[in-house]
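**Q** Take a look at the following structure, please.
The values are calculated or read from the model by the stated rules, or taken from the named source; none is laboratory data. Every value quoted in this text rests on a predicted model; they were computed, and no experiment measured them. Positions of Cβ are backbone-derived with ideal geometry, glycine not excepted, and every protein chain shown enters the neighbour counts. When the accessible area is computed, the model is the full protein with side chains, heavy atoms only, and any ligands, DNA or RNA have been set aside. Shrake-Rupley method; radii C 1.70, N 1.55, O 1.52, S 1.80 Å.
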Amino acid sequence: MTIIENLEKLRKDIPGHVQIVAVSKTQPPEMIEEAYRAGQRHFGENKARELEMKYNRLPADISWHFIGHLQRNKVRQIAPFVALIHSIDSLRLLAEVEKEAARCSRTIDCLLQFHIATEETKFGLSTREGVDLLASDEFRAMRHVRIRGVMGMASFSDDISLVRQEFRGLAATFRMLKERFFAEDNAFRILSMGMSGDYSMAIEEGSNMIRIGTSIFGDRHLEG
Ligand SMILES: *Cc1c(COP(=O)(O)O)cnc(C)c1O
């Protein structure tokens, strides 16, 4: 199957309100161009340098999502153009995004990443940490970041009921934060969950943004 066929099949498979972020990490620009020709405009990367390189080479109307663990010293590299940062996992990181967004006179859209998996290796806030962040005076004073919703990665596991439970937990966190901090804010409406192996279940549990790599592009090229 070609990239175009994969995208068409995926689009047929999911409801219209669910946005696809094509995860193009490690894939060469030519493969991104192929997806672009099929109408795809949202792409996700997990390394600042690679994202910047692709931003400079590829069409200007692409929305670039940063989906990986983000180090504070890499924020400056992506701040001028990034469309959505999915991986805010601390107040310190968000403060850095605020600072760099102000430097470029932008408002940067962000998601809070929650730790929902059983694996210790995955990043993200606990529910409590997310609440504390949003309730903090420091966050409330920020004018150059906008929290659009939440993101999470489920366990890499064959245990379907575990994965479903993790998605359900993230959806509950999303609704709780919405009610508590964003009841009047229509911008807070993104629930980013689901990858190639688990997006159907994520959508059943309320996801409206899925991050899909291998089901669009095939196997990833050498991680570098
Ligand atoms: C790589 C990656 C994906 C895509 O994974 P696939 O299984 O290839 O669809 C989604 N989200 C994050 C955060 C990733 O790092």
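**Q** How many residues are closer than 19 Å to Ser87 by Cα and either part of a loop (DSSP other than H, G, I, E, B) or within 11 Å of the ligand (Cβ to nearest atom) (or both) when one looks only at the stretch 19-29?
**A** Qualifying residue count, the stretch 19-29: 7.
**Q** For the stretch 176-224, which residues satisfy the criterion of being within 11 Å of the ligand (Cβ to nearest atom), in a loop (DSSP other than H, G, I, E, B), open to solvent by less than 40 Å² (accessible area, probe 1.4 Å) and at pLDDT 95 or above?
**A** Scanning the stretch 176-224 gives Met193, Gly194, Ser196, Asp198, Gly213.
**Q** Pick from Leu7, Leu91, Leu51: which is more than 15 Å from the chain's Cα centre (by Cα) and either farther than 27 Å from Ala141 by Cβ or modelled with pLDDT under 95 (or both)?
**A** Working: Leu91 fails: either farther than 27 Å from Ala141 by Cβ or modelled with pLDDT under 95 (or both); Leu51 fails: more than 15 Å from the chain's Cα centre (by Cα).
The unique qualifying residue is Leu7.
**Q** Right, here's the next one. How about the stretch 70-99: which of its residues are more than 15 Å from the ligand (Cβ to nearest atom), within 20 Å of Asp132 (Cβ to Cβ) and open to solvent by 10 Å² or more (accessible area, probe 1.4 Å)?
**A** Arg72, Ser90, Leu91, Arg92, Ala95, Glu96, Glu98
**Q** Here is a further query. Identify all residues within the stretch 151-175 that are within 14 Å of the ligand (Cβ to nearest atom) and either surrounded by fewer than 21 Cβ atoms within 10 Å (Cβ to Cβ) or of a type in the set (Ser, Thr, Tyr) (or both); write none if there are none.
**A** Ser155, Phe156, Ser157
**Q** Right, next: Going by the structure shown, is Met151 in contact (Cβ under 8 Å) with a residue 12 or more places away in the chain and either touching a Gly at 6+ places or on another chain (Cβ under 6 Å) or within 27 Å of Pro80 (Cα to Cα) (or both)?
**A** Values: in contact (Cβ under 8 Å) with a residue 12 or more places away in the chain: yes; either touching a Gly at 6+ places or on another chain (Cβ under 6 Å) or within 27 Å of Pro80 (Cα to Cα) (or both): yes.
When the stated conditions are applied, Met151 passes them.
**Q** Please specify each residue of the stretch 47-85 satisfying the condition of being out of contact with any strand residue (DSSP E or B) (no Cβ under 7 Å at 6 or more places or on another chain) and not charged (D, E, K, R).
**A** We begin by selecting, within the stretch 47-85, every residue out of contact with any strand residue (DSSP E or B) (no Cβ under 7 Å at 6 or more places or on another chain); these are 47-50, 52-53, 56-61, 71-77, 80.
Selection gives Ala48, Met53, Asn56, Leu58, Pro59, Ala60, Gln71, Asn73, Val75, Gln77, Pro80.
**Q** Sticking with this one: For the stretch 20-64, how many residues are of a type outside the set (A, V, I, L, M, F, W, C) and under 18 Å from Thr2 (Cα atoms)?
**A** Here the count works out to 14.
**Q** To continue, here is another question. In the set Ile32, Ile67, Ile116, which member is open to solvent by 10 Å² or more (accessible area, probe 1.4 Å), within 15 Å of the ligand (Cβ to nearest atom) and either at positive phi or touching a Lys or Arg at 6+ places or on another chain (Cβ under 7 Å) (or both)?
**A** Ile67
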